[in-house]
Amino acid sequence: MPEPAKMRKPDVKVVILGDMNVGKTSLLHRYTERKFKDTISTVGGAFFLKQWGPYNISIWDTAGREQFHGLGSMYCRGASAVILTYDVTNWQTLAELEDRFLSLTDTANSDCIYAIVGNKADLTDSGTHRAEPLDGQTEQEGVGTELQPTGGGVGGGDPAALLQKQVSQEDARALYNRVLRYKGMEDKACPPAERLCFETSAKTGYNVDELFETIFDMVLPSILKKRSQGTPSTIDLEECRVPKSTKAGCC
Amino acid sequence: MSVKAFELVPVVERELLMGEKARINIECLECCGKYLYVGTNDCFIHHFLLEEQTNAKGRVVYLSQKLQQKHLGLKKGVVELKAASALERLIVLCDATIYVHDMLSLEALPSGSAKIKGVLSFCVNENPVSADPFCVELGVISSRRRAVQIYTVHEDRVQLVKELGTPQQPCALSLDGYFLCLALASQYMILNYSTGASQDLFPFDSEERKPIVKRIGREEFLLAAPGGLGMFANAEGISQRAPVNWSENVIGAAVCFPYVVALDEGFVTVHSMLDQQLKQTLSFRDGHILQDFEGKLVLSSTKAVYMLVPLPLERQIQDLLAGNRVEEALTLTEGARRNIPKDRFQILHKRILQQAGFIQFGQLQFLEAKEHFRKGQLDVRELISLYPLLLPASSSFTRCHPPLHPFADLNQLTQGDQEKAQSCKRFLISYLHEVRSCEGTNGFREEVDTALLKLYAEADHESLLDLLASDNACLLADSAPWLEKHHKYFALGLLYHYNGQDASAVQMWVRVVDGVLQDSTRSDLFEYVVDFLSFCPSLDLVWKHADWALQRDQVVGVQIFTKRPVGGDQGSRLNPEDVVTYLQKHSHALLLYLEHLVLDQQVQKERFHTHLGVLYVERVLALLSQTSCPEEEKEALSQARSRLQRLLKESSLYRVQLLMGKVEGSESLLLERAVLHGRLGEHERALHLLVHQLRDRRAAEDYCSWAATACVPQEPPNATQQQQGTRLYHLLLATYLDPDVPGGVDSTAAVDLLNRHGHAFDAADVLGILPEGWSLQLLRPFLSTAVRKSAHAQRTAQVALGLARSENLQLLHDRVSSQPRGGVIVMNKNKVNFHPWHVCERETDRDGERE
């Protein structure tokens, strides 16, 4: 079965995970097509190949719906980076990351990079996050810190009205550190939480490029390592080789 | 949606299988080469021969002929059929047992060992690891144990290779290499039967929905996933393609690259693996089985068999293009890269790219169009030919057939919208410009350059001149009328020039300069023509237009001659004599030309110098003769005189007598006369003129310094410049001191001269001729200069003497010390008195020998 010509061989895989309706597809859209448009709920998963310099990076946009939950660990298998996405206006989406999605990443590479991304930042502070501000992350302490578990508020409502921020940066960083602990990576030289916790707005484009570029920069060593080893974790369908009897079926 | 990728073609009608018997259903299918096997629920295997034909309408039809049918002698339905054509065997699953039958006779093999019992389902390994071509590897799901088994089927026996336990009861499987892809009760998994390693894929409730496990290629499987997805997974458990979105109740799936075809209760859906989009939906009721066999898609209801015939790729692509779905068409084309031979693919791909380009061109999406034209290596003439009149009349180009686009020409495309037409033209300009600068323009330089010239001319584009001034292949015959039409006469001249027709070029420009033709490209066209003529290698052309240029403006026109490069080959060199003769009637131009020869080029010819001198003199005399004397004329006169004086002083070639004859008549040209006298060596007369008639002491002194350097001394013949100077100053002094002139001795002037130019005099001589009564005080500066000069000369001489001595001594020292120690000093025996010089001489001789 030939690979479609359009599908170049990806060097590395990045997976976006998160509850339904937090804006995973919109984030990817904003980054790849530079615009925000209405998306329908993703079915199963979608996939985009980003040419980044000399490298091909495949970005998997997963379905957040419970129905497709079982597919998550397949998408994560062999991933070099996982973007855990929540909705800053919805505490529950952050909780879900830990409860439901973190375990899916067990199949990811051992040196996988994790980013915690709070999307829909434009809904909580339209002033700060209007179209592409120049500064980096904006600290917003005091807005949502005391408003912890309220549970289950539905994000993505009327965009005109400012919603209360339910998840603070502190919470996200705390989660990041718990992710590292869960992975047993806390003592390794992992990037600090400040570098991998983002608040973004797919709608205005705020921080979206920074998010993807930071992650691409960080997976670069992983690409180089893979290239130098010459043993891709994905099978090169174009390459005709005799299957080796020693080849293991699992990681 | 709306690609028509497949057509449904009936293969075996109901009558052929079961006639009117209502209870009989199709259970399974196998298609191998031209044979079709159908297993039914009444334990029959039907064997058909299929004949593929193309009917008058170009459609594929199948003629099916029933070869035979065979009852297996059981009461169960036939569950699965697989043909092993290399063994000529048909593998049959019926009543939980696998039987091996002969493929043609359908007879069961006599040997009782050729069967496997307790089988729920099986599959054939299409990518077996075993090298033996005369056996088939089967993956089998045991109905008795939670296990899968690997068997090899030989011509006359079957052999168990391996058995592996599974965590749950498997219900569907597929096999590729060592990899078993299994649907278990609650999940899919990959199992390597060689190592026993397993890999969970994802959960799936096989009791709720029928699982699908379909091998689609080397180590890649297509699986039915929750939510009606078709998931792709490879042997490592990684998904490399995004899933396709089926309905919830998919019964069967098959792959016919680049499409994934799925069957549910009411429809056959076709998704592209390239973009995961739904491409086609066919309504199909009571669908039962959908399978692909060696690229053939076979579909059946419970009663009849059909074939899904893929439409030719090119037709699918053309349909997409007809719907302006450029991206999809290109994706489909590129997806077929490996399915068709390379050379055919390249032709197809290029053509599709070109067509895509034209579609985007029609939509004025020029950026995309350009990219596709470039990638598709479009014959640039296809594009040019869209624009009326741009292709040269001589071009033999005809558009390719079938046409790449539906447009007759630009007018039809834009429907008279001028703005659109303009943007199309701008696009062509930029496109041709790029084509021109990068590749070899596919060898159509004439067409490209001519079209570009026409576009530039029409658009009044500044690059027109750049094009014509640089290397180009514009066709003259075709471009000239076009340039005339757009009044680009200057450009037309350039084109003539580029084509070696300088005469036509100059003629064209002359008419523009004269105002016969209107073209405002260059406001300085006259200067341009003069410049052009000055470099023009054809002398005929120069002589022909020189009159015109000089009549128009002598000062500029004469540049035809003066700016001409001095070098150059013999044929294009002008003879100055001819030019001077020719210029007689253009006096100002003549003057300028002579100045050019004499002053700039410093031609050392008496004729030119004299001629120029005469002209200068005439000019001065003419100005002098004018009685009125306004300021500017004074100015002009002084300028004219200074020019004359400069010539007289600097040149020594002119005929002095001739000029003298002209000047003598005028009382006011004393200075000039003095110089001429000087040239004749008559310095006394000259100084006399200056001192007594002009009464300009300053001029007299200047004369002395000039004459000292410029005039060839008459006597003594070999006097140095300094001696000449001294002689002249003495003459001047004598003139001042001459008592026999009106006014007598001018002692003031004499004293001043001495004091100022003391160094130029021989002090001893001067003291001899000075009047007795002059005080020492009066001559103090002169005397002190003289004393200093003499002292300086003496000391300098002493220093020189001293230096010479020391040099001599040093030399002597070197000679002596360089003599080898203990060496033999050869003495001249004849000389009794030893003297160092002799040693030196001997040594010098020996040195000479050594060197």
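Brief remarks follow.
- Flag if B:L364 is more than 29 Å from B:V11 (Cβ to Cβ) and surrounded by fewer than 20 Cβ atoms within 10 Å (Cβ to Cβ): yes
- Members of the stretch B:277-292 that are within 16 Å of B:K214 (Cβ to Cβ) and within 14 Å of chain A (Cβ to nearest Cβ): B:D292
- Any hit, the stretch A:173-184, residues being away from chain B (no Cβ under 14 Å), under 21 Å from the mean Cα position of the chain (by Cα), over 21 Å from A:G18 (Cα atoms) and at pLDDT 80 or above: yes
- Unique residue being crowded, with 21+ Cβ neighbours inside 10 Å, of a type in the set (D, E) and within 14 Å of chain B (Cβ to nearest Cβ) when the list is A:D11, A:D19: A:D11
- Residue, surrounded by the most Cβ atoms within 10 Å (Cβ to Cβ), within the stretch A:69-91, restricted to residues that are assigned to a helix (DSSP H, G or I) and within 9 Å of chain B (Cβ to nearest Cβ): A:Y75
- Residue in the stretch B:161-180 that is farthest from B:G196 (Cα to Cα), counting only those that are away from every other protein chain (no Cβ under 14 Å) and part of a strand (DSSP E or B): B:A172
- Subset of the stretch B:692-742 that is of a type in the set (K, R) and surrounded by 16 or more Cβ atoms within 10 Å (Cβ to Cβ) - its residue that is modelled with the highest pLDDT: B:R727
- Only residues that are part of a helix (DSSP H, G or I) and touching a Pro at 6+ places or on another chain (Cβ under 7 Å) were counted across the stretch B:456-485, and they come to 1.
- The stretch B:308-353, residues that are more than 14 Å from chain A (Cβ to nearest Cβ), closer than 24 Å to B:A262 by Cβ and either surrounded by fewer than 23 Cβ atoms within 10 Å (Cβ to Cβ) or not aliphatic (A, V, I, L, M) (or both): B:V309, B:P310, B:L311, B:P312, B:R315, B:Q316, B:D319, B:G323, B:R325
- Residue match in the stretch B:105-114 (condition: crowded, with 20+ Cβ neighbours inside 10 Å, over 60 Å from the mean Cα position of the chain (by Cα) and among the small types (G, A, S)): yes
- Within the stretch B:368-390, considering residues that are part of a loop (DSSP other than H, G, I, E, B) and in contact with a Gly (Cβ under 8 Å, 6 or more places away or on another chain), the one surrounded by the most Cβ atoms within 10 Å (Cβ to Cβ): B:L378
- Strands (runs of 3 or more DSSP E) (entirely within the stretch B:1-52) containing at least 2 residues that are surrounded by 15 or more Cβ atoms within 10 Å (Cβ to Cβ) and among the hydroxyl-bearing types (S, T, Y): B:35-40
- Residue satisfying all of: in the stretch A:27-68; under 23 Å from A:V219 (Cβ atoms), more than 10 Å from chain B (Cβ to nearest Cβ) and aromatic (F, W, Y); surrounded by the most Cβ atoms within 10 Å (Cβ to Cβ) among these: A:Y31
- One residue alone among B:R842, B:R815, B:R805 is modelled with pLDDT under 80, surrounded by 10 or more Cβ atoms within 10 Å (Cβ to Cβ) and among the basic types (K, R), and that residue is B:R842.
- No other residue among B:Q657, B:Q645, B:Q602 is at positive phi and either out of contact with any Lys or Arg (no Cβ under 8 Å at 6 or more places or on another chain) or assigned to a helix (DSSP H, G or I) (or both) apart from B:Q602.
- Residue match in the stretch B:624-632 (condition: surrounded by 19 or more Cβ atoms within 10 Å (Cβ to Cβ) and not charged (D, E, K, R)): no
- Scanning the stretch B:495-554 for residues that are charged (D, E, K, R) and within 18 Å of B:Y593 (Cβ to Cβ) yields a count of 5.
- Helices (runs of 4 or more DSSP H) completely within the stretch B:312-367 that count 3 or more residues being of a type in the set (G, A, S): B:342-362
- From B:H545, B:H588, residue being crowded, with 19+ Cβ neighbours inside 10 Å and over 37 Å from the mean Cα position of the chain (by Cα): B:H545
- When the test is whether a residue is of a type in the set (A, V, I, L, M) and either under 14 Å from the mean Cα position of the chain (by Cα) or at pLDDT 90 or above (or both), A:V43 does not pass it.
- Residues considered: B:S143, B:S130. Of these, the only one that is assigned by TED's automatic domain parsing to the domain that holds B:A108, of a type outside the set (D, E, K, R), over 59 Å from the mean Cα position of the chain (by Cα) and at pLDDT below 90 is B:S143.
- In the stretch B:196-211, residue nearest to the other protein chains (Cβ to nearest Cβ) [restricted to those that are in contact (Cβ under 8 Å) with a residue 12 or more places away in the chain and of a type in the set (D, E, K, R)]: B:D200
- In the stretch B:137-159 there is at least one residue that is within 14 Å of chain A (Cβ to nearest Cβ), in contact (Cβ under 8 Å) with a residue 12 or more places away in the chain and of a type in the set (D, E, K, R).
- Scanning the stretch B:396-414 for residues that are under 25 Å from B:D460 (Cβ atoms) and outside any helix (DSSP H, G or I) turns up just one, B:D409.
The values are calculated or read from the model by the stated rules, or taken from the named source; none is laboratory data. These numbers come from a predicted model, not from an experiment. Cβ: placed from backbone, ideal geometry, glycine included. Neighbour counts: every protein chain shown.
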